[in-house]
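> Mind looking over this structure? Questions follow.
The values are calculated or read from the model by the stated rules, or taken from the named source; none is laboratory data. This is a predicted model, so every value here is computed, not measured. Here Cβ is always computed from backbone atoms with ideal geometry, including for glycine, and neighbour counts include all displayed protein chains. Please note that ligands, DNA and RNA were not included when accessible areas were found on the heavy atoms of the full protein model with its side chains. Shrake-Rupley method; radii C 1.70, N 1.55, O 1.52, S 1.80 Å.
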Amino acid sequence: MYRTHTCGELRLADCGKSVTLAGWVQKVRSLGGMSFFDLRDRYGITQLVVDADAPAALREAAAQLGREFVVQVKGIVLERQSKNSKLPTGDIEIKVEALNVLNKAQTPPFTIEEVSDGGEDIRARYRYLDLRRPPLQRALALRHRLAQEVRSFLDEEGFMEIETPYLIKSTPEGARDFVVPSRMNPGCFYALPQSPQTFKQLLMVSGYDRYFQIVRCFRDEDLRADRQPEFTQIDCEMSFVEQEDVLDTFERMMRQMFKNALGVDIPAPLPRMSWYDAMDRYGSDKPDIRFGMELSDITALAHGHGFSVFDACPYVGAIAVPGCAGYTRKQTDELTEWVKRPQVGAGGLVWVKLLEDGSVKSSVDKFFAPEDLQTIARQCGASAGDLILVLCGDRRKTQTRLGVLRIEMGNRLGLRNPSVFAPLWIVDFPLLEWSEEDSRFYAMHHPFTAPKPEHEKWFYSDRKEDLERVCANAYDFVLNGTELGGGSIRIHNAQMQERMFEVLGISKEEADYKFGFIINAFKFGAPPHGGLAFGFDRVCALFGGQESIRDYIAFPKNNQGRDVMIDSPSKIDDAQMDELFLASTQQ
Ligand code: ASP
């Protein structure tokens, strides 16, 4: 037997036992002729001790040990003199009787401990060493736990796990596709799926009325912070359902995941908010409802005071930041610069301080009488001591900027505690989104989302205002300001699907070329259906109380989309290029 116990297992009650452990040497210390070693495996750390009076051969062997050597030790469990309450095994140590070096190790390029001394780049290059560290082991263990919870819940509910292909057809609408050249079909390319959307709908046509898959998706996007070119979804679809059935099922799944993985009870039923309310109240379609600081529409109060900046804007909105009336000039100037950054995009910032003594002071005192500012403060629900921050401009854009500012102030004030969980559903999304830039509609969710039945009359209208009013039975699951998942009730009728492509400005020829297979399938008895997908990496990160998904993926890419450990993507040789009918652009 290689080992009788793991390195996380032994306790006081085991004292006196003769045991064998195997693992990695994390730390080596010598003290008055005695040597101490921390032995690590994925279950924990156990202290080993080689006494000063141990046989010379053993002491010599121990002296040769270095960090990350793989060893097998045999010894007796003893109660420790100086206990370590931070370690579950901290009450005991192993008095080593035999030591077997299973493999030596070069000195690792960074310390492999709870907190490492290595920078991000070097740890990425030696990811297999970083993965030995306890925080990463805990992250992957949580991911495993959550995947098991998903599988057992959905299996119980009668869902079938069915795989869909990775080599599919390029139909970019949304993100860019990754493509794969086909050697056997010169000049032709597969695409890697951005999601299994069309396949899961085809499975509904085939009668597999409850499908799921924990599946890799690929999107060739510019990698904004914390995106990965390949990521994992919990992808689900159901037939003969309405929105209520989908929300109920996945709310229960989430509740079980929270309970079983974290011991956390989330509210039942979960709060729901319409997309319109979320935008008006939080300036975001993924509101963080752990704290207030809601947006107030002060347009009517702001207009007509001779302040031309406000007068020229269709919307003036504000948030009341608790307890910040004491901000100095320097601090408000810094905030003004902050909102002008391209990532926020505001033209400027107006502030109103509701001072502790109840008086007001603002950056627009020239235009607004104190009573007017008091009225504005009241409208914002401000209390004495609050700082009111005002932005103006186009309604939705300004709300979005206020939403970004609200999150920033929430962060600065420590209102976003990662161990508090406030999930909710956002519902009633608009079906379409007009792009001024391209002067066309885009699907807000995706082109397979159905209009609400009661809005179909507008869906078939040719007027832009009508089309803008159409809502969908689309829904997002939002947690702490992050969208964790989303889905919709789908179109299941060929003629309606064709109308959708028409509304999106996709010609009949193009729609046939790219999506003919699904339009056709809908002509052979497609059942009503709907579903959703969760971003599994992000679910794991948020459950783990972390912002970044990278730690929850065993082998992630960096933010240039590179795997620096295996050095990919990389060039291929000319023969391979020729075989794939690719022309070289290399010098
Ligand atoms: N396929 C969709 C997505 O990736 C989710 C869904 O509608 O089920 O966002």
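> Collect the residues in the range 471-500 that are within 16 Å of the ligand (Cβ to nearest atom), open to solvent by 10 Å² or more (accessible area, probe 1.4 Å) and of a type in the set (A, V, I, L, M), keeping them in residue-number order.
Across the range 471-500, the qualifying residue is only Ile489.
Every residue, every condition in (1) open to solvent by 30 Å² or more (accessible area, probe 1.4 Å); (2) over 30 Å from Phe421 (Cα atoms), yes or no:
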| residue | (1), (2) |
| --- | --- |
| Ser308 | yes, yes |
| Asp311 | yes, yes |
| Lys340 | yes, yes |
| Ala346 | no, yes |
| Leu389 | no, no |
| Arg395 | yes, no |
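> Gln201 - would you say it is of a type outside the set (A, V, I, L, M), within 30 Å of Phe517 (Cβ to Cβ), assigned to a helix (DSSP H, G or I) and in contact with a helix residue (DSSP H, G or I) (Cβ under 9 Å, 6 or more places away or on another chain)? Step through it out loud before you land on a result.
Values: of a type outside the set (A, V, I, L, M): yes; within 30 Å of Phe517 (Cβ to Cβ): yes; assigned to a helix (DSSP H, G or I): yes; in contact with a helix residue (DSSP H, G or I) (Cβ under 9 Å, 6 or more places away or on another chain): yes.
So Gln201 passes the test.
> Please identify the pairs in which a residue from the range 58-76 that is polar (S, T, N, Q) has its Cβ atom under 7 Å from the Cβ atom of a residue that is in a strand (DSSP E or B) and at pLDDT 95 or above, counting only partners at least 6 apart or on another chain.
What qualifies is Gln72/Thr20; Gln72/Ala22; Gln72/Asn100; Gln72/Leu102.
> Something else now. Only residues that are farther than 18 Å from Met1 by Cα, open to solvent by 20 Å² or more (accessible area, probe 1.4 Å) and in a strand (DSSP E or B): list them for the range 18-34, please.
Restricting attention to the range 18-34, the residues satisfying the condition of being farther than 18 Å from Met1 by Cα are 25-34.
Retained after the next criterion (residues that are open to solvent by 20 Å² or more (accessible area, probe 1.4 Å)): 27-34.
Listed by number, the residues that qualify are Lys27, Val28, Arg29, Ser30, Leu31, Met34.
> Considering only residues of the range 437-452 that are hydrophobic (A, V, I, L, M, F, W, C) and outside any strand (DSSP E or B), which is surrounded by the fewest Cβ atoms within 10 Å (Cβ to Cβ)? Give the derivation first.
First, pick out the residues of the range 437-452 that are hydrophobic (A, V, I, L, M, F, W, C): 441, 443-444, 448, 450.
From what is left, the residues that are outside any strand (DSSP E or B) are 444, 448, 450.
On the way: Met444: 18, Phe448: 21, Ala450: 24.
Taking the candidates together, the pick is Met444.
> Just one of Glu97, Glu93, Glu113, Glu120 is under 30 Å from Glu547 (Cβ atoms) and in contact with a strand residue (DSSP E or B) (Cβ under 8 Å, 6 or more places away or on another chain); which is it?
On the way: Glu97 fails: under 30 Å from Glu547 (Cβ atoms); Glu93 fails: under 30 Å from Glu547 (Cβ atoms); Glu120 fails: in contact with a strand residue (DSSP E or B) (Cβ under 8 Å, 6 or more places away or on another chain).
Checking each option against the conditions leaves just Glu113.
> Gln243 passes all but one of (1) away from the ligand (no atom under 16 Å from the Cβ); (2) in contact (Cβ under 8 Å) with a residue 12 or more places away in the chain; which number fails?
(1)
> Does Lys361 satisfy being in a strand (DSSP E or B), over 20 Å from Gly410 (Cα atoms) and in contact with a strand residue (DSSP E or B) (Cβ under 8 Å, 6 or more places away or on another chain)?
Numbers: in a strand (DSSP E or B): yes; over 20 Å from Gly410 (Cα atoms): yes; in contact with a strand residue (DSSP E or B) (Cβ under 8 Å, 6 or more places away or on another chain): yes.
So Lys361 passes the test.
> Can you tell me which residue in the range 492-515 is nearest to Asp537 (Cα to Cα), limited to those that are aliphatic (A, V, I, L, M) and in contact with a strand residue (DSSP E or B) (Cβ under 7 Å, 6 or more places away or on another chain)?
The first filter runs over the range 492-515 and keeps only residues aliphatic (A, V, I, L, M), leaving 494, 496, 500, 503-504, 506, 511.
With the extra rule that they be in contact with a strand residue (DSSP E or B) (Cβ under 7 Å, 6 or more places away or on another chain), the set shrinks to 503-504.
Working: Val503: 34, Leu504: 31 Å.
Ranking the qualifying residues of the range 492-515, first place goes to Leu504.
> It is to be established whether one or more residues within the range 402-417 are away from the ligand (no atom under 16 Å from the Cβ), in contact (Cβ under 8 Å) with a residue 24 or more places away in the chain and more than 30 Å from Thr332 (Cβ to Cβ). Can you show your working first?
Initial filter on the range 402-417 (away from the ligand (no atom under 16 Å from the Cβ)): 402-417.
Next, from what is left, pick out any that are in contact (Cβ under 8 Å) with a residue 24 or more places away in the chain: 402-410, 413, 415-417.
If we keep only those that are more than 30 Å from Thr332 (Cβ to Cβ) as well, we get none.
No, the range 402-417 contains no residue that is away from the ligand (no atom under 16 Å from the Cβ), in contact (Cβ under 8 Å) with a residue 24 or more places away in the chain and more than 30 Å from Thr332 (Cβ to Cβ).
> Does the range 453-467 include one or more residues that are buried (at least 16 other Cβ atoms within 10 Å of the Cβ) and within 15 Å of the ligand (Cβ to nearest atom)?
Step one: filter the range 453-467 for residues buried (at least 16 other Cβ atoms within 10 Å of the Cβ), giving 455, 458-459, 467.
Then drop every residue that is not within 15 Å of the ligand (Cβ to nearest atom), which leaves none.
No, that holds for no residue.
> Also: Checking the structure you have, find out if any residue of the range 231-246 is in contact with a strand residue (DSSP E or B) (Cβ under 9 Å, 6 or more places away or on another chain), surrounded by 15 or more Cβ atoms within 10 Å (Cβ to Cβ) and over 30 Å from Pro267 (Cβ atoms). Reasoning before the result, please.
As a first pass, look at the range 231-246 and keep what is in contact with a strand residue (DSSP E or B) (Cβ under 9 Å, 6 or more places away or on another chain): 231-243, 245-246.
Applying the additional criterion that residues be surrounded by 15 or more Cβ atoms within 10 Å (Cβ to Cβ) yields 231-239, 241, 243, 246.
Next, only the ones that are over 30 Å from Pro267 (Cβ atoms) stay: none.
No, every residue in the range 231-246 fails to be in contact with a strand residue (DSSP E or B) (Cβ under 9 Å, 6 or more places away or on another chain), surrounded by 15 or more Cβ atoms within 10 Å (Cβ to Cβ) and over 30 Å from Pro267 (Cβ atoms).
> Give me the residue from the range 175-220 that is within 13 Å of the ligand (Cβ to nearest atom) and charged (D, E, K, R) and, out of that set, most open to solvent (accessible area, probe 1.4 Å).
Arg216
> Does Ala261 satisfy being away from the ligand (no atom under 15 Å from the Cβ) and either buried (at least 17 other Cβ atoms within 10 Å of the Cβ) or of a type outside the set (A, V, I, L, M, F, W, C) (or both)?
Values: away from the ligand (no atom under 15 Å from the Cβ): yes; either buried (at least 17 other Cβ atoms within 10 Å of the Cβ) or of a type outside the set (A, V, I, L, M, F, W, C) (or both): yes.
So Ala261 passes the test.
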